[in-house]
Amino acid sequence: MKRNYEYIVLGLGGLGSGAAYWLSRRAGSEVLGIEQFELGHVRGESEDHSRIIRLSYHTPAYVELAKLAYDAWATLERESGDQVVLRTGGLDFAKPDSLIALDTYRYAMRACNVPFEDLDADEIMRRWPQFTLTHEIQGLFQEQSGIAMAARANAAHRKMAIAQGATLLDHTPVINIATKGDEVIVETRDGRYRCRKLIIAAGPWSNKALGFLGMELPLEITREQVTYFASPDAAAFAPDRFPVWIWMDDPCFYGFPVFGEAGPKAAQDAGGKPVTADTRNFEPDPDNLRGVEEFLARYIPGALGPIIYTKTCLYTLTPDRDFVIDHVPGHENVVVAIGAGHAFKFASQIGRLLSELALDGDTAVDLEPFSLDRPILKMKNPPKSYMV
Ligand SMILES: Cc1cc2nc3c(=O)[nH]c(=O)nc-3n(C[C@H](O)[C@H](O)[C@H](O)COP(=O)(O)OP(=O)(O)OC[C@H]3O[C@@H](n4cnc5c(N)ncnc54)[C@H](O)[C@@H]3O)c2cc1C
(Lines give C-alpha, C1' and ligand atoms only; values in the text may rest on other atoms or scores of the structure.)
Protein backbone atom coordinates (compact mmCIF):
# COMPACT_ATOMS: atom_id res chain seq x y z
CA MET A 1 0.00 0.00 0.00
CA LYS A 2 1.27 3.46 -0.95
CA ARG A 3 2.35 5.40 2.14
CA ASN A 4 4.22 8.34 0.61
CA TYR A 5 2.35 11.10 -1.17
CA GLU A 6 3.24 14.55 -2.33
CA TYR A 7 0.05 16.00 -0.82
CA ILE A 8 -2.27 14.97 1.99
CA VAL A 9 -5.58 16.62 2.84
CA LEU A 10 -6.74 16.13 6.44
CA GLY A 11 -10.55 16.31 6.54
CA LEU A 12 -12.91 15.69 3.64
CA GLY A 13 -15.78 18.03 4.48
CA GLY A 14 -16.60 21.01 2.27
CA LEU A 15 -13.19 22.67 2.13
CA GLY A 16 -11.08 19.50 2.20
CA SER A 17 -13.09 17.88 -0.61
CA GLY A 18 -12.54 21.08 -2.60
CA ALA A 19 -8.81 20.95 -1.91
CA ALA A 20 -8.62 17.25 -2.91
CA TYR A 21 -10.35 18.07 -6.21
CA TRP A 22 -8.13 21.03 -7.11
CA LEU A 23 -4.94 19.29 -5.99
CA SER A 24 -5.74 16.18 -7.99
CA ARG A 25 -6.28 18.23 -11.15
CA ARG A 26 -2.54 18.92 -11.11
CA ALA A 27 -1.08 16.17 -8.93
CA GLY A 28 -3.37 13.18 -9.64
CA SER A 29 -2.34 10.07 -7.76
CA GLU A 30 0.06 12.04 -5.52
CA VAL A 31 -2.97 13.21 -3.50
CA LEU A 32 -4.29 11.44 -0.40
CA GLY A 33 -7.40 12.63 1.44
CA ILE A 34 -8.06 11.37 4.97
CA GLU A 35 -11.45 11.56 6.69
CA GLN A 36 -12.18 10.36 10.22
CA PHE A 37 -15.83 9.40 9.55
CA GLU A 38 -17.74 8.16 6.53
CA LEU A 39 -17.63 10.44 3.50
CA GLY A 40 -20.67 12.73 3.54
CA HIS A 41 -21.23 12.36 7.32
CA VAL A 42 -23.37 14.94 9.14
CA ARG A 43 -21.25 15.57 12.26
CA GLY A 44 -19.35 18.52 10.75
CA GLU A 45 -20.36 21.70 8.93
CA SER A 46 -20.94 20.92 5.29
CA GLU A 47 -23.74 18.44 4.71
CA ASP A 48 -27.18 19.70 3.80
CA HIS A 49 -29.06 20.30 0.56
CA SER A 50 -28.32 24.00 0.39
CA ARG A 51 -26.06 26.84 1.46
CA ILE A 52 -26.43 30.47 0.35
CA ILE A 53 -24.01 31.66 -2.30
CA ARG A 54 -23.82 35.41 -2.97
CA LEU A 55 -21.65 38.21 -4.26
CA SER A 56 -23.27 40.50 -1.71
CA TYR A 57 -20.62 40.81 1.05
CA HIS A 58 -19.36 43.40 3.50
CA THR A 59 -15.84 43.94 2.14
CA PRO A 60 -14.39 44.16 -1.37
CA ALA A 61 -12.02 41.28 -0.52
CA TYR A 62 -14.96 38.92 0.09
CA VAL A 63 -16.85 40.19 -2.98
CA GLU A 64 -13.81 39.50 -5.16
CA LEU A 65 -13.37 36.09 -3.55
CA ALA A 66 -17.04 35.36 -4.22
CA LYS A 67 -16.55 36.15 -7.92
CA LEU A 68 -13.75 33.56 -7.96
CA ALA A 69 -16.01 31.14 -6.09
CA TYR A 70 -18.60 31.20 -8.89
CA ASP A 71 -15.80 30.55 -11.34
CA ALA A 72 -14.47 27.61 -9.31
CA TRP A 73 -17.93 26.03 -9.05
CA ALA A 74 -18.42 26.50 -12.80
CA THR A 75 -15.20 24.57 -13.43
CA LEU A 76 -16.39 21.76 -11.18
CA GLU A 77 -19.78 21.71 -12.93
CA ARG A 78 -18.14 21.58 -16.36
CA GLU A 79 -15.73 18.81 -15.44
CA SER A 80 -18.09 16.68 -13.35
CA GLY A 81 -21.27 17.18 -15.35
CA ASP A 82 -23.08 17.86 -12.04
CA GLN A 83 -24.96 21.08 -11.40
CA VAL A 84 -23.95 22.46 -7.97
CA VAL A 85 -25.13 26.10 -8.08
CA LEU A 86 -28.70 27.29 -8.62
CA ARG A 87 -29.24 31.02 -9.10
CA THR A 88 -32.41 32.27 -7.41
CA GLY A 89 -31.48 35.89 -6.73
CA GLY A 90 -30.88 37.06 -3.20
CA LEU A 91 -32.48 39.68 -0.97
CA ASP A 92 -30.65 41.27 1.98
CA PHE A 93 -33.20 43.31 3.94
CA ALA A 94 -33.25 45.32 7.14
CA LYS A 95 -34.63 48.27 9.07
CA PRO A 96 -32.62 51.52 8.75
CA ASP A 97 -31.08 51.13 12.23
CA SER A 98 -30.12 47.46 11.82
CA LEU A 99 -26.89 46.23 13.34
CA ILE A 100 -25.60 44.99 9.99
CA ALA A 101 -25.47 48.09 7.79
CA LEU A 102 -26.70 47.62 4.23
CA ASP A 103 -24.46 50.54 3.27
CA THR A 104 -21.35 48.46 3.90
CA TYR A 105 -22.66 45.91 1.40
CA ARG A 106 -23.57 48.63 -1.11
CA TYR A 107 -20.09 50.10 -0.84
CA ALA A 108 -18.31 46.75 -1.25
CA MET A 109 -20.41 45.71 -4.26
CA ARG A 110 -19.99 49.10 -5.96
CA ALA A 111 -16.22 48.95 -5.37
CA CYS A 112 -16.19 45.61 -7.19
CA ASN A 113 -18.59 46.58 -10.00
CA VAL A 114 -21.24 44.14 -8.86
CA PRO A 115 -24.70 45.29 -9.93
CA PHE A 116 -27.50 45.24 -7.37
CA GLU A 117 -30.89 46.87 -6.91
CA ASP A 118 -32.05 48.98 -3.98
CA LEU A 119 -35.64 48.02 -3.22
CA ASP A 120 -38.07 49.61 -0.80
CA ALA A 121 -40.63 47.56 1.13
CA ASP A 122 -43.41 48.13 -1.42
CA GLU A 123 -41.25 47.00 -4.30
CA ILE A 124 -40.09 43.92 -2.39
CA MET A 125 -43.70 42.96 -1.66
CA ARG A 126 -44.75 43.69 -5.24
CA ARG A 127 -42.09 41.28 -6.57
CA TRP A 128 -42.50 38.69 -3.84
CA PRO A 129 -45.86 38.94 -2.05
CA GLN A 130 -44.58 36.19 0.26
CA PHE A 131 -42.96 39.02 2.31
CA THR A 132 -45.05 41.11 4.72
CA LEU A 133 -42.90 44.16 5.52
CA THR A 134 -43.28 47.46 7.29
CA HIS A 135 -42.66 50.57 5.21
CA GLU A 136 -39.25 51.52 6.65
CA ILE A 137 -37.63 48.23 5.61
CA GLN A 138 -35.10 48.44 2.76
CA GLY A 139 -33.58 45.71 0.66
CA LEU A 140 -30.69 44.99 -1.68
CA PHE A 141 -31.34 42.50 -4.44
CA GLN A 142 -28.47 40.78 -6.23
CA GLU A 143 -29.53 38.51 -9.04
CA GLN A 144 -26.61 36.07 -8.97
CA SER A 145 -27.24 34.96 -5.40
CA GLY A 146 -28.61 31.50 -4.95
CA ILE A 147 -28.03 28.02 -3.67
CA ALA A 148 -24.74 26.15 -3.45
CA MET A 149 -25.94 22.55 -3.39
CA ALA A 150 -23.72 21.51 -0.51
CA ALA A 151 -24.03 17.72 -0.36
CA ARG A 152 -24.04 17.41 -4.16
CA ALA A 153 -21.03 19.70 -4.47
CA ASN A 154 -19.03 17.76 -1.87
CA ALA A 155 -19.84 14.50 -3.64
CA ALA A 156 -18.86 16.02 -7.00
CA HIS A 157 -15.53 17.26 -5.61
CA ARG A 158 -14.75 13.81 -4.22
CA LYS A 159 -15.94 11.97 -7.31
CA MET A 160 -13.67 14.10 -9.48
CA ALA A 161 -10.72 13.83 -7.08
CA ILE A 162 -10.95 10.04 -7.32
CA ALA A 163 -11.42 10.17 -11.11
CA GLN A 164 -8.24 12.27 -11.32
CA GLY A 165 -6.26 9.66 -9.38
CA ALA A 166 -6.54 10.76 -5.73
CA THR A 167 -6.97 8.24 -2.94
CA LEU A 168 -9.63 9.13 -0.35
CA LEU A 169 -9.69 7.21 2.93
CA ASP A 170 -12.76 7.21 5.15
CA HIS A 171 -13.05 6.05 8.79
CA THR A 172 -9.41 7.04 9.30
CA PRO A 173 -8.86 9.57 12.10
CA VAL A 174 -5.52 11.37 12.07
CA ILE A 175 -4.10 10.97 15.55
CA ASN A 176 -0.84 12.89 15.21
CA ILE A 177 1.05 15.16 12.84
CA ALA A 178 4.77 15.88 12.91
CA THR A 179 7.00 17.84 10.57
CA LYS A 180 10.60 16.77 10.01
CA GLY A 181 12.67 18.74 7.54
CA ASP A 182 10.83 18.68 4.20
CA GLU A 183 8.53 15.91 5.31
CA VAL A 184 5.19 15.83 7.12
CA ILE A 185 4.31 12.62 8.95
CA VAL A 186 0.60 12.01 9.35
CA GLU A 187 -0.24 9.28 11.79
CA THR A 188 -3.47 7.29 11.73
CA ARG A 189 -4.59 4.17 13.55
CA ASP A 190 -3.78 2.27 10.35
CA GLY A 191 -0.23 3.52 10.25
CA ARG A 192 1.80 6.49 9.07
CA TYR A 193 1.59 8.42 5.85
CA ARG A 194 4.22 10.85 4.67
CA CYS A 195 3.91 13.83 2.38
CA ARG A 196 5.68 16.97 1.25
CA LYS A 197 2.70 19.25 1.96
CA LEU A 198 -0.23 18.81 4.29
CA ILE A 199 -3.52 20.70 4.07
CA ILE A 200 -5.58 20.82 7.27
CA ALA A 201 -9.30 21.37 6.67
CA ALA A 202 -10.62 19.98 9.93
CA GLY A 203 -13.58 22.32 10.51
CA PRO A 204 -14.75 22.10 14.14
CA TRP A 205 -11.82 19.80 14.93
CA SER A 206 -9.27 22.41 13.76
CA ASN A 207 -7.76 23.06 17.17
CA LYS A 208 -7.31 19.35 17.75
CA ALA A 209 -5.42 19.00 14.45
CA LEU A 210 -3.41 22.21 14.98
CA GLY A 211 -2.70 21.08 18.53
CA PHE A 212 -0.51 18.30 17.10
CA LEU A 213 1.72 21.13 15.81
CA GLY A 214 1.61 23.08 19.07
CA MET A 215 -0.89 25.69 17.89
CA GLU A 216 -4.21 26.74 19.41
CA LEU A 217 -6.55 29.40 18.04
CA PRO A 218 -9.33 31.26 19.91
CA LEU A 219 -12.10 29.46 18.01
CA GLU A 220 -15.65 29.03 19.21
CA ILE A 221 -17.62 26.01 18.01
CA THR A 222 -21.36 26.60 18.08
CA ARG A 223 -24.21 24.23 17.43
CA GLU A 224 -26.46 25.75 14.80
CA GLN A 225 -29.68 24.48 13.25
CA VAL A 226 -31.83 24.86 10.16
CA THR A 227 -35.51 23.96 9.81
CA TYR A 228 -37.56 22.89 6.81
CA PHE A 229 -41.25 23.92 7.01
CA ALA A 230 -44.16 22.28 5.19
CA SER A 231 -45.61 25.55 3.91
CA PRO A 232 -49.28 25.18 2.90
CA ASP A 233 -48.33 27.02 -0.32
CA ALA A 234 -44.95 25.46 -1.14
CA ALA A 235 -45.36 26.38 -4.82
CA ALA A 236 -45.05 30.07 -3.87
CA PHE A 237 -41.61 29.28 -2.48
CA ALA A 238 -40.27 27.51 -5.58
CA PRO A 239 -36.75 28.68 -6.54
CA ASP A 240 -38.05 30.52 -9.61
CA ARG A 241 -40.57 32.45 -7.49
CA PHE A 242 -38.71 33.18 -4.28
CA PRO A 243 -35.10 34.28 -3.55
CA VAL A 244 -32.62 33.32 -0.87
CA TRP A 245 -32.86 35.99 1.82
CA ILE A 246 -30.98 37.40 4.82
CA TRP A 247 -32.40 39.62 7.57
CA MET A 248 -29.41 41.86 8.31
CA ASP A 249 -29.68 42.44 12.03
CA ASP A 250 -28.89 40.84 15.36
CA PRO A 251 -30.48 38.33 15.62
CA CYS A 252 -29.82 37.57 11.95
CA PHE A 253 -32.14 35.18 10.12
CA TYR A 254 -31.82 33.70 6.65
CA GLY A 255 -33.68 31.33 4.40
CA PHE A 256 -34.12 29.50 1.15
CA PRO A 257 -36.77 28.65 -1.39
CA VAL A 258 -37.95 25.05 -1.59
CA PHE A 259 -34.94 22.92 -2.44
CA GLY A 260 -34.22 19.31 -1.52
CA GLU A 261 -37.27 18.98 0.77
CA ALA A 262 -40.97 19.69 0.37
CA GLY A 263 -40.85 23.16 1.92
CA PRO A 264 -38.70 26.28 2.45
CA LYS A 265 -35.81 26.34 4.91
CA ALA A 266 -35.04 29.04 7.48
CA ALA A 267 -32.55 29.53 10.30
CA GLN A 268 -30.86 31.97 12.64
CA ASP A 269 -27.23 32.79 11.87
CA ALA A 270 -24.78 32.22 14.73
CA GLY A 271 -27.65 31.77 17.14
CA GLY A 272 -26.35 28.51 18.57
CA LYS A 273 -24.72 27.65 21.86
CA PRO A 274 -21.01 26.87 22.27
CA VAL A 275 -20.25 23.13 22.17
CA THR A 276 -17.39 20.85 21.28
CA ALA A 277 -17.40 18.78 18.11
CA ASP A 278 -17.02 15.53 20.02
CA THR A 279 -19.55 16.10 22.79
CA ARG A 280 -22.32 18.03 20.99
CA ASN A 281 -25.76 16.43 20.65
CA PHE A 282 -28.08 16.45 17.67
CA GLU A 283 -31.30 17.54 19.44
CA PRO A 284 -32.91 20.70 18.03
CA ASP A 285 -32.93 23.68 20.39
CA PRO A 286 -36.59 24.72 20.88
CA ASP A 287 -35.73 28.34 21.81
CA ASN A 288 -33.74 28.81 18.63
CA LEU A 289 -36.60 27.31 16.61
CA ARG A 290 -39.13 29.60 18.30
CA GLY A 291 -37.08 32.64 17.27
CA VAL A 292 -37.11 31.50 13.64
CA GLU A 293 -40.84 30.81 13.73
CA GLU A 294 -41.56 34.23 15.26
CA PHE A 295 -39.49 35.92 12.58
CA LEU A 296 -41.27 34.03 9.81
CA ALA A 297 -44.69 34.70 11.33
CA ARG A 298 -43.93 38.41 11.20
CA TYR A 299 -42.20 38.81 7.84
CA ILE A 300 -42.73 35.68 5.68
CA PRO A 301 -45.85 34.08 7.20
CA GLY A 302 -46.69 31.81 4.26
CA ALA A 303 -43.43 29.94 4.73
CA LEU A 304 -44.57 28.60 8.09
CA GLY A 305 -46.14 25.19 8.36
CA PRO A 306 -45.62 21.92 10.18
CA ILE A 307 -41.95 21.20 10.72
CA ILE A 308 -40.53 18.73 8.22
CA TYR A 309 -37.36 18.48 10.31
CA THR A 310 -34.71 20.53 12.07
CA LYS A 311 -31.12 19.65 11.33
CA THR A 312 -28.25 20.61 13.61
CA CYS A 313 -24.81 21.54 12.35
CA LEU A 314 -21.62 23.21 13.63
CA TYR A 315 -19.95 26.58 13.03
CA THR A 316 -16.22 27.06 13.64
CA LEU A 317 -16.09 30.75 14.46
CA THR A 318 -13.00 32.93 14.50
CA PRO A 319 -13.54 35.99 16.76
CA ASP A 320 -13.70 38.40 13.78
CA ARG A 321 -15.56 35.88 11.64
CA ASP A 322 -12.87 36.08 8.98
CA PHE A 323 -11.47 32.91 7.45
CA VAL A 324 -8.10 31.42 8.10
CA ILE A 325 -6.23 30.44 4.93
CA ASP A 326 -2.51 30.33 5.63
CA HIS A 327 0.68 28.40 6.19
CA VAL A 328 1.12 27.25 9.78
CA PRO A 329 3.95 29.33 11.30
CA GLY A 330 6.96 27.18 12.06
CA HIS A 331 5.59 24.42 9.80
CA GLU A 332 5.73 26.01 6.37
CA ASN A 333 4.82 22.75 4.63
CA VAL A 334 1.44 22.72 6.42
CA VAL A 335 -1.47 24.85 5.21
CA VAL A 336 -4.72 25.35 7.12
CA ALA A 337 -8.18 26.68 6.28
CA ILE A 338 -11.00 27.52 8.69
CA GLY A 339 -14.38 28.60 7.37
CA ALA A 340 -15.72 30.84 10.19
CA GLY A 341 -19.32 29.76 9.62
CA HIS A 342 -19.76 31.21 6.11
CA ALA A 343 -17.35 29.35 3.87
CA PHE A 344 -19.45 26.87 1.99
CA LYS A 345 -20.08 29.20 -0.93
CA PHE A 346 -16.30 29.48 -1.25
CA ALA A 347 -15.52 25.78 -0.72
CA SER A 348 -14.30 25.14 -4.24
CA GLN A 349 -12.40 28.43 -4.42
CA ILE A 350 -10.80 27.89 -1.00
CA GLY A 351 -9.90 24.39 -2.19
CA ARG A 352 -8.26 25.97 -5.24
CA LEU A 353 -6.34 28.45 -3.05
CA LEU A 354 -5.20 25.68 -0.71
CA SER A 355 -4.02 23.62 -3.67
CA GLU A 356 -2.04 26.61 -4.99
CA LEU A 357 -0.45 27.20 -1.60
CA ALA A 358 0.55 23.53 -1.47
CA LEU A 359 1.64 23.18 -5.09
CA ASP A 360 3.18 26.60 -5.77
CA GLY A 361 3.80 27.99 -2.28
CA ASP A 362 1.71 31.07 -3.12
CA THR A 363 -1.42 32.28 -4.87
CA ALA A 364 -2.35 35.38 -6.88
CA VAL A 365 -5.16 36.17 -4.41
CA ASP A 366 -4.23 38.44 -1.49
CA LEU A 367 -4.71 36.23 1.56
CA GLU A 368 -3.66 38.86 4.09
CA PRO A 369 -7.23 39.23 5.52
CA PHE A 370 -7.17 35.49 6.27
CA SER A 371 -3.72 35.33 7.78
CA LEU A 372 -2.90 33.50 11.01
CA ASP A 373 -0.82 36.49 11.91
CA ARG A 374 -3.70 38.82 12.71
CA PRO A 375 -3.54 40.10 16.29
CA ILE A 376 -7.04 38.93 17.25
CA LEU A 377 -6.04 35.30 16.70
CA LYS A 378 -3.23 35.72 19.22
CA MET A 379 -5.53 36.86 22.02
CA LYS A 380 -6.66 34.43 24.71
CA ASN A 381 -10.11 35.96 25.17
CA PRO A 382 -10.66 38.15 22.13
CA PRO A 383 -13.75 40.31 21.63
CA LYS A 384 -16.16 38.51 19.31
CA SER A 385 -18.00 40.10 16.41
CA TYR A 386 -20.00 37.50 14.55
CA MET A 387 -22.53 39.82 12.88
CA VAL A 388 -20.79 41.29 9.83
C1 LIG B 1 -26.37 25.48 9.72
C2 LIG B 1 -25.28 26.02 8.86
C3 LIG B 1 -25.60 26.90 7.85
C4 LIG B 1 -24.61 27.44 7.04
N5 LIG B 1 -24.97 28.27 6.03
C6 LIG B 1 -24.03 28.70 5.16
C7 LIG B 1 -24.41 29.43 4.01
O8 LIG B 1 -25.61 29.68 3.79
N9 LIG B 1 -23.45 29.84 3.14
C10 LIG B 1 -22.13 29.54 3.35
O11 LIG B 1 -21.29 29.92 2.54
N12 LIG B 1 -21.73 28.83 4.45
C13 LIG B 1 -22.65 28.41 5.34
N14 LIG B 1 -22.28 27.68 6.43
C15 LIG B 1 -20.85 27.49 6.74
C16 LIG B 1 -20.22 26.41 5.91
O17 LIG B 1 -21.10 25.32 5.77
C18 LIG B 1 -18.89 26.00 6.57
O19 LIG B 1 -18.08 27.15 6.70
C20 LIG B 1 -18.15 24.97 5.73
O21 LIG B 1 -19.00 23.90 5.40
C22 LIG B 1 -16.94 24.47 6.53
O23 LIG B 1 -16.41 23.33 5.91
P24 LIG B 1 -15.14 22.59 6.54
O25 LIG B 1 -14.62 21.70 5.48
O26 LIG B 1 -14.23 23.61 7.13
O27 LIG B 1 -15.70 21.78 7.79
P28 LIG B 1 -16.35 20.31 7.82
O29 LIG B 1 -17.31 20.15 6.72
O30 LIG B 1 -16.82 20.06 9.19
O31 LIG B 1 -15.14 19.36 7.47
C32 LIG B 1 -14.11 19.05 8.37
C33 LIG B 1 -13.81 17.59 8.17
O34 LIG B 1 -12.57 17.24 8.78
C35 LIG B 1 -12.71 15.97 9.33
N36 LIG B 1 -11.68 15.81 10.35
C37 LIG B 1 -11.45 16.64 11.40
N38 LIG B 1 -10.44 16.19 12.15
C39 LIG B 1 -9.99 15.06 11.56
C40 LIG B 1 -8.97 14.14 11.87
N41 LIG B 1 -8.18 14.29 12.96
N42 LIG B 1 -8.77 13.09 11.05
C43 LIG B 1 -9.53 12.91 9.94
N44 LIG B 1 -10.56 13.75 9.62
C45 LIG B 1 -10.77 14.81 10.41
C46 LIG B 1 -14.12 16.00 9.91
O47 LIG B 1 -14.63 14.72 10.19
C48 LIG B 1 -14.88 16.70 8.80
O49 LIG B 1 -15.39 15.81 7.84
C50 LIG B 1 -23.25 27.10 7.25
C51 LIG B 1 -22.92 26.20 8.27
C52 LIG B 1 -23.92 25.65 9.05
C53 LIG B 1 -23.53 24.69 10.14
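The values are calculated or read from the model by the stated rules, or taken from the named source; none is laboratory data. On a predicted model such as this, the values are computed, not experimentally measured, just so you know. Using ideal geometry, Cβ is built from the backbone for each residue, glycine included, and neighbour counts are taken over all protein chains shown. Each accessible area value is taken on the protein alone, full model and side chains, heavy atoms only, with ligands, DNA and RNA left out. Shrake-Rupley method; radii C 1.70, N 1.55, O 1.52, S 1.80 Å.
Just checking, does the stretch 14-34 include any residue being under 30 Å from Glu283 (Cα atoms), over 17 Å from the mean Cα position of the chain (by Cα) and either aliphatic (A, V, I, L, M) or assigned to a helix (DSSP H, G or I) (or both)? Yes, there is a match, as at least one residue in the stretch 14-34 is under 30 Å from Glu283 (Cα atoms), over 17 Å from the mean Cα position of the chain (by Cα) and either aliphatic (A, V, I, L, M) or assigned to a helix (DSSP H, G or I) (or both).
Number of residues in the stretch 48-73 that are open to solvent by 40 Å² or more (accessible area, probe 1.4 Å) and more than 14 Å from the chain's Cα centre (by Cα) equals 7. All of Asn288, Asn207 fail the test of being free of Cβ contacts under 8 Å to residues at least 40 places away in the same chain, open to solvent by less than 50 Å² (accessible area, probe 1.4 Å) and not in a loop (DSSP other than H, G, I, E, B), apart from Asn207. Among the residues of the stretch 322-356, those identified as more than 9 Å from the ligand (Cβ to nearest atom), open to solvent by 10 Å² or more (accessible area, probe 1.4 Å) and either free of Cβ contacts under 8 Å to residues at least 60 places away in the same chain or not in a strand (DSSP E or B) (or both) are Asp322, Asp326, His327, Pro329, Gly330, Glu332, Arg352, Glu356. Taking every residue in the stretch 5-17 that is without any contact (Cβ under 8 Å) to a residue 12 or more places away in the chain and more than 16 Å from Lys345 (Cβ to Cβ) and pairing it with any residue that is open to solvent by 10 Å² or more (accessible area, probe 1.4 Å) and assigned to a helix (DSSP H, G or I), at least 6 positions away or on another chain, yields no pair with a Cβ-Cβ distance below 7 Å.
Of note, Asp373 does not satisfy the criterion of being assigned to a loop (DSSP other than H, G, I, E, B), open to solvent by 10 Å² or more (accessible area, probe 1.4 Å), under 22 Å from Ala69 (Cα atoms) and touching a residue at least 24 places away in the same chain (Cβ under 8 Å).
For the stretch 91-145, filtered to residues that are among the aromatic types (Phe, Trp, Tyr) and outside any strand (DSSP E or B), the residue that is surrounded by the most Cβ atoms within 10 Å (Cβ to Cβ) is Tyr105.
Looking across the stretch 357-370 at every residue that is more than 14 Å from Ala337 (Cβ to Cβ) and touching a residue at least 12 places away in the same chain (Cβ under 8 Å), the one that is most open to solvent (accessible area, probe 1.4 Å) is identified as Asp366. Total residues in the stretch 74-113 satisfying the condition of being under 25 Å from Lys159 (Cβ atoms), aliphatic (A, V, I, L, M), touching a residue at least 60 places away in the same chain (Cβ under 8 Å) and out of contact with any Leu (no Cβ under 8 Å at 6 or more places or on another chain): the figure is 3. Of everything in the stretch 167-191 that is open to solvent by 10 Å² or more (accessible area, probe 1.4 Å) and of a type in the set (A, V, I, L, M, F, W, C), the residue that is nearest to the ligand (Cβ to nearest atom) is Val174.
Taking the criterion of being near the ligand (Cβ under 9 Å from one of its atoms), open to solvent by 10 Å² or more (accessible area, probe 1.4 Å) and in contact with a strand residue (DSSP E or B) (Cβ under 6 Å, 6 or more places away or on another chain), the residues of the stretch 1-39 that qualify are Leu10, Leu15.
What do you reckon, is Glu79 acidic (Asp, Glu) and open to solvent by less than 50 Å² (accessible area, probe 1.4 Å)? It is false that Glu79 is acidic (Asp, Glu) and open to solvent by less than 50 Å² (accessible area, probe 1.4 Å).
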